[in-house]
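Scroll down for the structure; my scribbles are underneath it.
The values are calculated or read from the model by the stated rules, or taken from the named source; none is laboratory data. Predicted, not measured: the structure shown is a model, and the values here were computed from it. When we count neighbours, we look across all protein chains shown, and the Cβ atoms used for this are built from the backbone with ideal geometry, even at glycine.
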Amino acid sequence: MDGLGVLERALAPPEVWLASLGSQWSSLPSFILFFGVLFAFALVAWKFGASLSWDQAALLGSCTMSSVHAVWCCVAAWPELAKLRHVQLDAVNTPSQSQLAQFSLAYMVADVLFYLVPFTPGDFMFLVHHCISGFYVLGTLCTGVGAVSSMIMFFLGEVTSPLLNAFTFMGTLRQRSRTCFKLYEYLSPSFTAAFVLMRTLLGVPLISWFLYTLIARSPAIPLSWRIPMAACVLVGITGSQAWSAKLLAGPWARLRATWELGTAKMD
């Protein structure tokens, strides 16, 4: 599909879009329902199985959805990415890539909706993250190209999510179990190291290449979509660097205190 064809599709009348919904987004409602049922089941299980408050159970219910999405996203994306002979961010979506994009969009939609429920935690940063990620995926589905680019982004971002979710699980339960407390203490540096490695040390150069390729070498994605999609990526990687800095602040403060204490003893 050339750039002109994609542009014509993007500017098509509403009836053309409605006709394409059945084939292009056919699995989205089912995936949203899947995540809704998963959240409801996890909410009840955490609430009554672990005797948590509703807001704690809702947080862990969200983490349960995140874990399922992250694991499947990485497991399903890896074979698709491994067989690529060269990376073309504006390649026409294959059926499997479209399915995976719908799966990710459904997760973002479901999690945003449940974060808006009164008893769920109001995490503004997660809402922003889901909105910009969802908009990017929406762009790949609306234009019919670029789903492979969302797979690259989600693989890079979600590969550390199981550690983050395990850290959140143990952090919520650490006052109830000594084992959970020990695991929480162990997971803290492990998650920090993994996150900084993937989002900063590897992420910054990869996303820099990604942004350049998306903006300058992806003509099949209409400019009206390409620019806001690139803006979403830029906001996302900037937020990741802020989070990396926050995660490193604690270890850096402890290292500095240890160094100053050792220097004082030598004096």
Scan segment 63-93 for residues that are touching a Pro at 6+ places or on another chain (Cβ under 8 Å) and either small (G, A, S) or more than 30 Å from W209 (Cβ to Cβ) (or both) and jot them down.
-> S67, A70
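Quick check on my filter: what residues within segment 183-227 are of a type outside the set (A, V, I, L, M, F, W, C) and under 18 Å from I152 (Cβ atoms)? If you could, list the steps in order and put the result at the bottom.
As a first pass, look at segment 183-227 and keep what is of a type outside the set (A, V, I, L, M, F, W, C): 184-186, 188-190, 192, 199-200, 203, 205, 208, 212-213, 217-219, 222, 224, 226.
Matches in segment 183-227: R199, T200, G203, P205, S208, Y212, T213, R217, S218, R226.
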Please list, ordered by first then second residue, the pairs with beta carbon atoms under 6 Å, 6 or more apart or interchain, first in segment 105-134 and under 22 Å from T238 (Cα atoms) and at pLDDT below 90, second of a type in the set (F, W, Y) and exposed (fewer than 14 other Cβ atoms within 10 Å of the Cβ).
-> none
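Could you check, for segment 135-158, whether at least one of its residues is in contact (Cβ under 8 Å) with a residue 40 or more places away in the chain and surrounded by fewer than 16 Cβ atoms within 10 Å (Cβ to Cβ)?
Kept after step one, since they are in contact (Cβ under 8 Å) with a residue 40 or more places away in the chain, are these residues of segment 135-158: 135-136, 139-158.
Next, from what is left, pick out any that are surrounded by fewer than 16 Cβ atoms within 10 Å (Cβ to Cβ): none.
No, segment 135-158 has no match at all.
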Looking at (1) over 18 Å from Q56 (Cα atoms); (2) surrounded by 15 or more Cβ atoms within 10 Å (Cβ to Cβ); (3) free of Cβ contacts under 8 Å to residues at least 12 places away in the same chain, which is the one condition that is false for T200?
-> (3)
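Could you pull out the residue among L4, L89 that is in a helix (DSSP H, G or I) and either within 25 Å of G157 (Cβ to Cβ) or modelled with pLDDT under 90 (or both)?
Numbers: L89 fails: in a helix (DSSP H, G or I).
Selected residue: L4, the only one of L4, L89 that is in a helix (DSSP H, G or I) and either within 25 Å of G157 (Cβ to Cβ) or modelled with pLDDT under 90 (or both).
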Checked against (1) in contact with a His (Cβ under 8 Å, 6 or more places away or on another chain); (2) touching a residue at least 40 places away in the same chain (Cβ under 8 Å), C74 satisfies every condition except (1)
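Tell me, yes or no, whether segment 165-175 has at least one residue that is under 19 Å from the mean Cα position of the chain (by Cα), at pLDDT 90 or above and surrounded by fewer than 19 Cβ atoms within 10 Å (Cβ to Cβ). Walk me through it before giving the result.
Of the residues in segment 165-175, the ones under 19 Å from the mean Cα position of the chain (by Cα) are 165-169.
Right, trim to at pLDDT 90 or above and you get 165-169.
From what is left, the residues that are surrounded by fewer than 19 Cβ atoms within 10 Å (Cβ to Cβ) are 166.
Looking for residues that are under 19 Å from the mean Cα position of the chain (by Cα), at pLDDT 90 or above and surrounded by fewer than 19 Cβ atoms within 10 Å (Cβ to Cβ), one finds at least one in segment 165-175, hence yes.
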Where a residue in segment 225-240 is closer than 13 Å to R199 by Cα and its partner, wherever it lies, is part of a helix (DSSP H, G or I) and of a type in the set (K, R), with Cβ under 9 Å and at least six apart | I237/R199; S240/R199
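Could you please find all residues in segment 61-107 being among the charged types (D, E, K, R) and either out of contact with any helix residue (DSSP H, G or I) (no Cβ under 8 Å at 6 or more places or on another chain) or surrounded by fewer than 18 Cβ atoms within 10 Å (Cβ to Cβ) (or both)?
E80, K83, R85
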Extreme residue, farthest from S177 (Cα to Cα), among residues of segment 39-86 that are modelled with pLDDT of 90 or more and not in a helix (DSSP H, G or I) | S53
